[in-house]
Amino acid sequence: MNLKQISMAIYATYLTNKYGFKLKKAKDKKEKKALRIEYSETLLSKLNIEIEVINKQNIPRDGKYLLISNHRSIIDPLIIEIALKNSPIHGFWVSKKELYNSLFFGTFTRNANSILLDREAANMSSFFKDTKEVVNDGDSIFIFPEGTRNKENTPLSTFKDGARLIAIKNRLPIFPVFIKTNANEILKDAINNRTKGLKIEIQIGEIIDYKDKTPLEENYRKLFNI
């Protein structure tokens, strides 16, 4: 790592943990949503990255959803938070156990309204119980259906089956968003070169009925012409 990368890593670690403790003290989910947005705006501003939302009119004004997105960078959740900042929709992120235990993300993840996904668990009953509780409380669920970051030179990798199952079990309409820009490349540019005026585009798609029997990945690709 060079000096610029070390400097940004230290700042990001400090900021993430600072907001992790703020989230721990938050009184309710409204305050947590506000803190998540504030954190996202602060870090992206430091990186000189602007978010441009395409088809804002497709953002739902109410209701509960399963939000799905492609996933190429560690800042993807921040991009989505900014895109939805003026929406009343509040989502719980599906987060891997590794994030819960992470030195960098752990405090933030555990306190920011998230649902633990333990892939090593003997069964998934606890996970699906948690998703149902979130939905019954009036909230949405946010997930990256690829399961992990896509490190290939493609805008999208294969979807896992879990996302559609969450939608069906909770009767959740599916809210698709697509981060058009390769956010990972933009992030590298921001850290290594401190380039000004960087922009990431995120496109908002039309709602997919959870009863739609077309494979979710196929629907997603068709919506965004991938």
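The values are calculated or read from the model by the stated rules, or taken from the named source; none is laboratory data. Computed from a predicted structure; not experimentally measured. We place every Cβ from the backbone using ideal geometry, glycine too, and count neighbours over all the protein chains shown. These area figures cover heavy atoms from the full protein model, side chains too; ligands, DNA and RNA do not enter into them. Shrake-Rupley method; radii C 1.70, N 1.55, O 1.52, S 1.80 Å.
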Margin query: Just to be sure I understand the filter: pairs with C-beta atoms under 6 Å, separated by 6 or more residues or on different chains, first member in region 53-71 and within 18 Å of ILE179 (Cα to Cα) and aliphatic (A, V, I, L, M), second member open to solvent by less than 40 Å² (accessible area, probe 1.4 Å) and in a helix (DSSP H, G or I). Which pairs pass?
Written below: VAL53/ALA83; LEU66/ILE166; LEU66/ALA167; ILE68/ALA163
Notebook entry, point to check: From the set of residues in region 40-92 that are among the acidic types (Asp, Glu) and at pLDDT 95 or above, which is farthest from LEU172 (Cα to Cα)?
Noted result: GLU50
Notebook entry, point to check: Before we move on, is ILE174 of a type outside the set (Asp, Glu), closer than 15 Å to ILE75 by Cα and within 15 Å of the chain's Cα centre (by Cα)?
Noted result: no
Item checked: Among residues of region 205-218, those that are surrounded by 19 or more Cβ atoms within 10 Å (Cβ to Cβ) and not in a loop (DSSP other than H, G, I, E, B), counted -> 3
Checklist line | Odd one out for ALA26, checked against (1) out of contact with any Phe, Trp or Tyr (no Cβ under 8 Å at 6 or more places or on another chain); (2) without any contact (Cβ under 8 Å) to a residue 60 or more places away in the chain | finding: (2)
Notebook entry, point to check: Taking region 187-204, which residues are within 17 Å of the chain's Cα centre (by Cα) and either open to solvent by 50 Å² or more (accessible area, probe 1.4 Å) or of a type in the set (A, V, I, L, M, F, W, C) (or both)?
Noted result: LEU187, ILE200, GLU201, ILE202, ILE204
Notebook entry, point to check: So which strands (runs of 3 or more DSSP E) stay within region 1-99 end to end and still have 3 or more residues that are open to solvent by 70 Å² or more (accessible area, probe 1.4 Å), of a type outside the set (Ser, Thr, Tyr) and under 30 Å from SER157 (Cβ atoms)?
Noted result: none
